[in-house]
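Here is the structure we will look at.
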Amino acid sequence: MKMQLAEIAKALNTTIEGQDNPVICSVTFDSRKIDENALFVPLKGERDGHDFINSAIENGAVAALWEKGHDNKPENFPVVEVEDTLLAMQALAKYYLNKVNPTVVGITGSNGKTTTKDMCAAVLAKRFNVHKTQANFNNEIGVPMTILEMKPTTEILVLEMGMDRAGQLHHLSELVRPDVCVITMIGEAHIEFFGTRDKIADAKMEITDFLKEDGVLIYNGDEPLLTERAAKLAQSKTTFGFKSDDTIYATEFRSYMHHASFVTNSSDQKFSIPMIGKHNVSNALAAISVGHHFGETDDEIASSLSEFVPTANRMQWRKGDVGEDIMDDIYNSNPTAAKAVLTSFGQVEVKEGGRRIAVLGDMLELGEASPKLHASLASKLDPLVINEVYLYGPEMKNLKEAIQDKYDAKNLHYYEQDQMPRMISDLLSDIHENDIVMLKASHGMHLDKVLDRLL
Ligand SMILES: CC(=O)N[C@H]1[C@@H](OP(=O)(O)OP(=O)(O)OC[C@H]2O[C@@H](n3ccc(=O)[nH]c3=O)[C@H](O)[C@@H]2O)O[C@H](CO)[C@@H](O)[C@@H]1O[C@H](C)C(=O)N[C@@H](C)C(=O)N[C@H](CCC(=O)N[C@@H](CCC[C@@H](N)C(=O)O)C(=O)O)C(=O)O
Ligand SMILES: Nc1ncnc2c1ncn2[C@@H]1O[C@H](COP(=O)(O)OP(=O)(O)OP(=O)(O)O)[C@@H](O)[C@H]1O
Ligand SMILES: C[C@@H](N)C(=O)N[C@H](C)C(=O)O
């Protein structure tokens, strides 16, 4: 961006403290990451961002927002005082969004948001100036931050929009006022705070609360919870999935070790994506629908999808220290995602004498259904397919009990949360170069520590 501080103050219905009126070219809430002509926005986390103002100034910040009445306000430094710095950052994002005025694509769903966001951005970049959410920055901080990073020449803004409580997507929808909403699917992510998948579906539909009147909802037509809710929406809708009554559906789906291929009902075009699994084909179908909405041909879309680069830790193949192939799926986990990945992993060819080894950590935020949901992964664990199972965390004890009758004790390993070092040691002595290993757990289980040792 390129805005005078006075314009920012006016947009926030206030004025500048101090004489200077610097040009602002970037906004950050971290004093350690100061770009050119940065406005520092102190936010409250475990600590208070206001305590890092001197660090921000030393690192080159040229101005700051400041909570009215907060102590240690810097002297002789341009400051814009506001009631709440986070709300002010959101208001500034809304102002800048209106100023740049891109077409907005908002993406949500229990699983597949980040992957679908990356696919959509790759598809749309074929014809448009696209700005997209970096990594997984998808909440009340990440969405305004993404908007404020957008170049003034941006034509289409592709936003990942997350939630783990009712009302959050309503707030984000009001902020971004999407032209296109995409809902990937309804799983059980964060069900602890909802109780039922119905309530998750209600919360996901909030993304359409401020969908423009001439906007469109693109959703997974194979999810009845979405179909029944979408029917009540006034705006136009298109569906994607694997059923012939979907607007666009896939056939001839094939999954290999490093890619998946399919065709759709829209043309004879063959698609290939550098990810495996039927669920990633579903994500690609959403991106194809978005590409069609913006007038792109299947040929253009197919070439973009074949080259797109997924965000790390989403079924990412890596090479382990002894030569084994590791499927790194450690960013997050919940039952639907874990079952989808176990299915895909079970279809990957193994070398002569090699084994499929699954390392599964707890799935968090599942509430009182957690024991049953952990045990439900048993349906995807067959010793003839997934030959060795390592389970990690208190909730995974439920899965251990569910599969101990079908797995020999020597092929089923269980570890309490404080036994990660022992699990790592056992894995390092067990894994051979012809094995393939998958790692999946919720973010909070920190399987990255296991992955780092295997690499
Ligand atoms: C407020 C903040 O910045 N939090 C980030 C901060 O957390 P922490 O509490 O540790 O901050 P500190 O106490 O260290 O510092 C406080 C502030 O001071 C700044 N500061 C610190 C030191 C210093 O030297 N200089 C400084 O300026 C500092 O920047 C703080 O502002 O640090 C963590 C580690 O880096 C960050 O992880 C944390 O970021 C929070 C989590 C955040 O929300 N970041 C967004 C940009 C974001 O989108 N993060 C996503 C995760 C989003 C997510 O979880 N989405 C859910 C769905 C939505 C749920 C929603 N209700 C929610 O809570 O998020 C999903 O399932 O996808 C990401 O990181 O991937
Ligand atoms: N459409 C899908 N259906 C089921 N599982 C999926 C789907 N897409 C991705 N997954 C699984 O979810 C994992 C996370 O994918 P991704 O990061 O794209 O989802 P996300 O919704 O952004 O996740 P989070 O809510 O944790 O940010 C993948 O590695 C895969 O295991
Ligand atoms: C990243 C956060 N929104 C999330 O999904 N939490 C999971 C459940 C975790 O921390 O593991």
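The values are calculated or read from the model by the stated rules, or taken from the named source; none is laboratory data. In this text, all values refer to a predicted model and were calculated from it rather than measured experimentally. All Cβ positions, glycine included, derive from the backbone under ideal geometry; neighbour counts span all protein chains shown. Quick note on the areas: whole protein, heavy atoms, side chains included, nothing else; ligands and nucleic acids left out. Shrake-Rupley method; radii C 1.70, N 1.55, O 1.52, S 1.80 Å.
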| note | Val322 meets each of (1) within 16 Å of ligand 3 (Cβ to nearest atom); (2) of a type in the set (A, V, I, L, M, F, W, C); (3) open to solvent by 50 Å² or more (accessible area, probe 1.4 Å) with one exception, condition (1)
| query | Does Asp118 satisfy the condition of being within 16 Å of ligand 1 (Cβ to nearest atom) and open to solvent by less than 10 Å² (accessible area, probe 1.4 Å)? | reply | yes
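Against the condition in contact with a helix residue (DSSP H, G or I) (Cβ under 7 Å, 6 or more places away or on another chain), of a type in the set (Ser, Thr, Tyr), within 16 Å of ligand 2 (Cβ to nearest atom) and not assigned by TED's automatic domain parsing to the domain that holds Asn111, how does Thr336 come out, does it pass?
no
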| Of all residues in segment 344-367 being open to solvent by 50 Å² or more (accessible area, probe 1.4 Å) and closer than 23 Å to Tyr331 by Cα, which is farthest from ligand 2 (Cβ to nearest atom)? | Gln347
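Do the conditions hold for Asp325, that is, is it within 26 Å of Lys380 (Cβ to Cβ) and touching a residue at least 40 places away in the same chain (Cβ under 8 Å)? Give the derivation first.
Numbers: within 26 Å of Lys380 (Cβ to Cβ): yes; touching a residue at least 40 places away in the same chain (Cβ under 8 Å): yes.
So Asp325 fits the description; yes.
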| said: Every residue in segment 121-172 that is touching a His at 6+ places or on another chain (Cβ under 8 Å), more than 14 Å from ligand 3 (Cβ to nearest atom) and open to solvent by 50 Å² or more (accessible area, probe 1.4 Å), please. | reply: Glu149, Lys151
| query | For segment 173-204, what are the residues that are over 16 Å from the mean Cα position of the chain (by Cα) and open to solvent by less than 40 Å² (accessible area, probe 1.4 Å)? | reply | Ser173, Leu175, Val176, Pro178, Asp179, Val180, Ile191, Phe194, Ile200, Ala201, Ala203
| note | Within segment 258-288, of all residues that are without any contact (Cβ under 8 Å) to a residue 60 or more places away in the chain and in a loop (DSSP other than H, G, I, E, B), the one most open to solvent (accessible area, probe 1.4 Å) is Asp268
| said: Tell me yes or no: at least one residue of segment 386-407 is out of contact with any His (no Cβ under 7 Å at 6 or more places or on another chain), part of a loop (DSSP other than H, G, I, E, B) and basic (Lys, Arg). | reply: yes
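Tell me whether segment 237-248 contains one or more residues that are closer than 18 Å to Asn111 by Cβ and aliphatic (A, V, I, L, M). Spell out the reasoning first.
First, the residues of segment 237-248 that are closer than 18 Å to Asn111 by Cβ: 239-242.
With aliphatic (A, V, I, L, M) added as a condition, the list becomes none.
So far as segment 237-248 goes, no, none of its residues is closer than 18 Å to Asn111 by Cβ and aliphatic (A, V, I, L, M).
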| remark: Condition set over 24 Å from Gly167 (Cα atoms) and among the aromatic types (Phe, Trp, Tyr), scope segment 210-257, selection most open to solvent (accessible area, probe 1.4 Å): answer is Tyr256
| said: So in segment 297-342, with the set limited to residues that are of a type in the set (S, T, N, Q) and within 19 Å of Met257 (Cα to Cα), which one is nearest to the chain's Cα centre (by Cα)? | reply: Thr311
| In segment 304-315, which residues are crowded, with 16+ Cβ neighbours inside 10 Å and more than 16 Å from ligand 1 (Cβ to nearest atom)? | Ser304, Leu305, Phe308, Met315
| Search result, residues across segment 43-88 that are assigned to a helix (DSSP H, G or I) and among the acidic types (Asp, Glu) | Asp51, Glu58
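Residues checked against (1) open to solvent by 80 Å² or more (accessible area, probe 1.4 Å); (2) among the hydrophobic types (A, V, I, L, M, F, W, C):
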| position | (1), (2) |
| --- | --- |
| Val23 | no, yes |
| Asp30 | no, no |
| Lys33 | yes, no |
| Ala93 | no, yes |
| request: Mind telling me which of the residues Arg47, Arg32 ends up being outside the structural domain of Ile147 (by TED's automatic domain parsing) and within 22 Å of Ile147 (Cβ to Cβ)? | output: Arg32
| query | Do we find a residue being away from ligand 3 (no atom under 16 Å from the Cβ), in contact with a Pro (Cβ under 8 Å, 6 or more places away or on another chain), touching a residue at least 40 places away in the same chain (Cβ under 8 Å) and in a loop (DSSP other than H, G, I, E, B) anywhere in segment 22-42? | reply | yes
| said: Could you list, ordered by first residue, the pairs with Cβ atoms under 9 Å in which the first is in segment 435-455 and in the same structural domain as Asp325 (by TED's automatic domain parsing) and among the polar types (S, T, N, Q) and the second is more than 15 Å from ligand 1 (Cβ to nearest atom) and part of a strand (DSSP E or B), at least 6 apart or interchain? | reply: Ser442/Gly361
| query | Are any residues in segment 423-445 under 13 Å from Val359 (Cβ atoms), more than 16 Å from ligand 2 (Cβ to nearest atom) and assigned to a helix (DSSP H, G or I), and if so, which ones? | reply | Met423, Ile424, Asp426, Leu427, Leu428, Asp430
